[in-house]
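Each remark here refers to the structure printed beneath this line.
Derivation of every value follows stated rules applied to the coordinates shown; laboratory data play no part. Since the model is a prediction, treat every value here as computed from it, not as a measurement. Every residue, glycine among them, receives a Cβ derived from its backbone with ideal geometry; neighbour counts consider all protein chains shown.
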Amino acid sequence: MQNPHCCTNTGKEPIISTLTQDTVQRLAFVRLLFGQAMDQSRQPEPLSASCVLTFHDAVELFLIIASEHLKVSLPERGKLTQRFFDGLHPDKLGPDGIELVGRKGVDRLSTLRNTLKHDAALPGTRQIEQSRTDAQLFFDENTPKVFGLSFDAIDMVELVPQQNIRDRMRTAETAWAAGDLVKGMGELRIAFDELFFDHMVGSHYRTSPLTFGEQIREDHTLRQKIAKALTLDSTGKYAPVPPRLAESVGKHVEMLTDVVSRLQRALQISSIGIDYHRLHRFEMLSPKVSLEMDGRREAYWHGPYTPNRSDYDYCRQFVITAALRVAETTGLLHPPEWWHQ
């Protein structure tokens with residue numbers, strides 16, 4: 001698939017170019033890195049320090065893609081801004097050159113990265129904030145210049161390997177853009193449910209190594225059932241009112257069942273490399289999902305529901321990351337060719 005875009009250099013004549021599928025996917029990866037760096041930058045110190053490494057990686061990868069897109073061969077070593085800002089400038093390439101924006105910011109980011117990586121000097125809060133601003137400016141200004149589309153328009157869904165999940169996520173984006181918040185967020189929640197249950201478990205639940213035994217479900221009537229069963233006498237009759245000890249045992253079994261059910265789900269999620277804390281936030285932000293008799297999943301929410309764009313982006317990013325994790329894990333589950341011989 002190829003998409004025509006119009007790229008401009010210094011505001012003179014447009015450069016008509018074509019973005020290949022490979023370029024689109026690599027730009028999606030750049031945006032994925034940028035999103036990870038933004039999340040890292042909001043963590044408490046010293047965890048936030050890692051964002052300067054990720055911001056720098058995203059910027060450098062963007063510049064490499066830009067030079068390849070413009071078919072310009074540049075030195076592999078040297079200062080980042082000299083290699084790319086000078087190497088792609090119209091002064092060197094003429095009308096086909098690009099005057100990139102944010103040179104000072106990239107220099108600051110490179111300095112922070114080098115002092116952290118080589119001198120173990122942790123950046124402070126103001127430096128973290130500055131790196132976030134510098135990286136945002138760099139991508140917002142230069143993506144239209146080089147590739148003819150806004151940075152926000154780069155669709156990270158291109159990274160999702162599962163076709164049905166990509167379709168769900170595109171439906172979610174359409175619904176969100178139309179103002180249907182429940183459907184927009186709900187499609188992301190359904191996408192994750194389908195991703196987890198269909199791709200990880202599917203029709204082979206009993207034999208899947210990721211289930212950790214038979215599925216244990218919560219049962220809020222279990223204590224009454226246990227208490228009643230403990231009063232069964234030799235004639236097959238139950239006591240009309242279970243004694244306190246029987247009720248205590250029933251309550252204890254119900255509590256154990258509830259804990260084991262939650263632990264089983266946590267193990268299933270963690271086994272594919274998904275952070276359980278992030279899952280918890282995803283489930284808090286997204287609507288509930290019911291499984292209908294015909295197998296369809298429907299999203300619903302009772303009461304006020306006003307997620308913002310940041311909430312939506314978080315959930316979208318979560319599903320993309322989960323899809324990549326699932327794809328990796330699914331590949332590891334395939335038995336070798338000689339296994340059944």
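For His89, put the label point 7 Å out on the Cα→Cβ axis and report which residues of segment 126-151 keep their amide N under 17 Å from it.
none
Going by how many other Cβ atoms sit within 10 Å of their own, how do Val146, Val59 line up, fewest first?
Lowest count first: Val146, Val59.
Along Cα→Cβ, 7 Å out, is where each label goes; now give me the distance between the ones at Asp22 and Asn114 in nm to one decimal.
Label at Asp22, label at Asn114, 3.2 nm between them.
Can you list, largest first and rounded to whole Å, the semi-axes you get for segment 57-187 by taking the square root of 5 times each eigenvalue of its Cα gyration tensor?
32, 21, 14
Using 18 Å as the cut-off for backbone N distance, which residues of segment 94-114 belong to the label zone defined by a point 7 Å from the Cα of Gln82 along Cα→Cβ?
103-114
Within segment 3-156, how many Lys pairs that are eight or more residues apart, or on different chains, come under 29 Å at the alpha-carbon?
17
Among (i) 60, 39, 38; (ii) 99, 56, 45; (iii) 66, 59, 39, which one is Cα extents along the principal axes in Å computed from these coordinates?
(ii)
Given all pairs of different Cα atoms, what value in angstroms does the Kirkwood hydrodynamic radius of segment 78-125 take?
Details: mean 1/r = 0.0834 Å⁻¹.
Over segment 78-125, the inverse of the mean reciprocal pair distance is 12.0 Å.
Give me the number: length gained by fully extending Arg244 to Ala178, i.e. 0.36 nm times residue separation minus the C-alpha to C-alpha distance, one decimal in nm.
Contour length minus Cα-Cα distance gives 18.1 nm.
Evaluate the distance, in nm, between pseudo-label points positioned 7 Å from the Cα of Glu337 and of Glu214 along their respective Cα→Cβ axes.
Once both label points are built, they end up 3.9 nm from each other.
So for each of 98-108, 216-226, 279-289 I average, over its residues, the number of other beta carbons within 10 Å; can you give me the resulting order with the highest mean first?
Values: 98-108: 18.5, 216-226: 14.5, 279-289: 16.9.
Ranking, from highest mean packing down: 98-108, 279-289, 216-226.
Using only alpha carbon positions, build the gyration tensor of segment 163-333, then give the equivalent ellipsoid semi-axes as the square roots of 5 times its eigenvalues, largest first, whole angstrom. Write down the numbers at each step before the final one.
Details: eigenvalues 290, 82, 40 Å².
Listed largest to smallest, the semi-axes of segment 163-333 are 38, 20, 14 Å.
With everything on Cα atoms, drop me the angle between helix 276-285 and the longest principal axis of the chain, reported from 0 to 90° to the nearest 10.
Tilt of helix 276-285: around 90 degrees.
How much FRET efficiency would the formula 1/(1 + (r/R0)^6) give for Leu53 and Met255, where r is the Cβ-Cβ distance and R0 is 41 Å, rounded to 0.05?
It comes out at approximately 0.35.
Which of Phe147, Phe197, Phe84 moves most in a GNM of the chain, Cα contacts under 10 Å?
Result: Phe197 has the largest fluctuation of those listed.
Calculate, in nm to one decimal, what Lys71 and Thr221 gain on full extension: separation in residues at 0.36 nm each, minus their alpha carbon distance.
So the extension gain works out to 47.2 nm.
Relative contact order for the chain: what percent, with Cα pairs under 8 Å and sequence separation of 6 or more?
Details: 411 pairs, mean separation 51.9, N = 341.
Relative CO of the chain lands at 15 percent.
Return the FRET efficiency for the residue pair Arg103, Glu298: r is the Cβ-Cβ distance, R0 is 56 Å, and the value is rounded to the nearest 0.05.
Numbers: r = 51 Å, r/R0 = 0.91.
Rounded to the nearest 0.05, the efficiency is 0.65.
Over all distinct Cα pairs, what is the inverse of the mean 1/r for segment 270-341, reported as the Kirkwood hydrodynamic radius in Å?
Details: mean 1/r = 0.0671 Å⁻¹.
Value: 14.9 Å, from the Cα pair sum.
What list do you get for Met255, Met38, Met156, Met293 if you sort them by fewest beta carbons within 10 Å?
Met293, Met255, Met38, Met156
Tell me the angle of helix 51-69 to the major Cα principal axis of the chain, expressed in degrees between 0 and 90 and rounded to the nearest ten.
60
Highest mean first, what order results for 88-94, 171-177 on Cβ atoms within 10 Å?
Listed from highest to lowest mean packing, they are 171-177, 88-94.
Which number gives the lysine pairs in segment 163-333 that have C-alpha atoms under 16 Å apart and are eight or more places apart or on different chains?
Lysine pair count for segment 163-333: 5.
What number, in percent, do you get for the relative contact order of segment 81-218 if the mean sequence gap of Cα pairs under 8 Å and at least 6 apart is divided by its residue count? Please list the in-between numbers first.
Values: 94 pairs, mean separation 16.8, N = 138.
After rounding, I find 12 percent.
Could you list which residues have their amide H under 5 Å from that of Leu19, counting only those 5 or more apart in sequence or on another chain, with H placed in the peptide plane?
Here the answer is Asn3, His5, since their amide H atoms fall under 5 Å of that of Leu19.
Run the quick spin-label model on Glu283 and Ala121: label points 7 Å from Cα toward the beta carbon, then report their separation in nm to one decimal.
Roughly 4.5 nm, to one decimal.
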